[in-house]
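Worksheet: one structure, shown below.
The values are calculated or read from the model by the stated rules, or taken from the named source; none is laboratory data. The structure presented is a predicted model; accordingly, all values stated were derived computationally and were not measured. Counting neighbours? That spans all protein chains shown, and the Cβs are built from the backbone with ideal geometry, glycine included.
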């Protein structure tokens, strides 16, 4: 793209979300420019040779399960395959090693998993069967919750359906998965510390401490989904996905420019009109500026001069970390904390595009305004 041309859309940051959006706009005929300060695009999705020559390692996202089942991939699978992106399934998805050369892992063979668990605890064989059965009962409601976008500017507000939305036997299980700490829920369920550790590793993955409220839902979903489907990984590394997106963007007439730092997003008459990059260069945007950055970075890039709707969302950057929206996975947060969020974050009424199941009703465990705030970049597509 010649430097004198003004692209339709300028993207700040070349992570998976920015590249995915630029890909779609390029397919729709927009001329896009993606600007990235690092030497390589991809953000949290990169594949590099870190040990021996020829051995490539994913240094960020590796598990592409949600992307594998996304409408984005369904629509563009052939195009991405032409650019070298292909998925394979790891049937032996995860495991833990313990003292005495002992190993416990998860495969797509339930019977094999139960035999492995039996070596650590006979009692936990039945507990694992219950863990699996609870997934069948709770998964539709969990995915319904996590599939509901956080409405702005009231990100803590969600409408709840009728009591009949969730069968009575499922309600206490669902409440526990959403509200319990990982330690509390696993200690209640499993006898063996090794089985608990196998599951708990997934709780630490999205930055939940063992005693953090609401830390159980992700390990619950991950272990059960892995047992049913395995883990989808990219042949040759997740970086192949980034390479495919970048190649198609360029083929459609766009540009991905790395090693370039955006110093400011230019705003005129309450509209973003372009960017200012290092080296005193101004780049205008004919139709849109898309900032795929954290709320803190957005405030810095705009000098706090955000249009009104964005300004109302900007204080998200000032939330306590346990309710902060960032690049982590979707998580229920701030439900059982002593600290209260700022007044702006306590909506006057619960709203949502789609109703979520009712979770209240148990003394001491009622939830007035649950929040589902965090999402992994890889999952957004």
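For the reader, a short list of remarks on this structure follows.
- Test for residue 203: is it under 30 Å from residue 56 (Cβ atoms) and touching a residue at least 24 places away in the same chain (Cβ under 8 Å): no
- One residue alone among 184, 197 is in the same structural domain as residue 220 (by TED's automatic domain parsing), assigned to a helix (DSSP H, G or I) and farther than 25 Å from residue 144 by Cα, and that residue is 197.
- For residue 43, the test of being touching a strand residue (DSSP E or B) at 6+ places or on another chain (Cβ under 8 Å) and within 12 Å of residue 239 (Cβ to Cβ) is passed.
- Within the stretch 1-59, tally of residues that are in contact with a helix residue (DSSP H, G or I) (Cβ under 6 Å, 6 or more places away or on another chain) and more than 18 Å from residue 293 (Cβ to Cβ): 3
- The strands (runs of 3 or more DSSP E) located wholly in the stretch 216-335 that include 2 or more residues which are under 25 Å from residue 44 (Cα atoms) and modelled with pLDDT of 85 or more occupy 231-234, 255-257, 262-268, 271-277, 288-291.
- The set of residues in the stretch 40-57 being touching a residue at least 12 places away in the same chain (Cβ under 8 Å), more than 13 Å from residue 243 (Cβ to Cβ) and not in a loop (DSSP other than H, G, I, E, B) consists of 57 alone.
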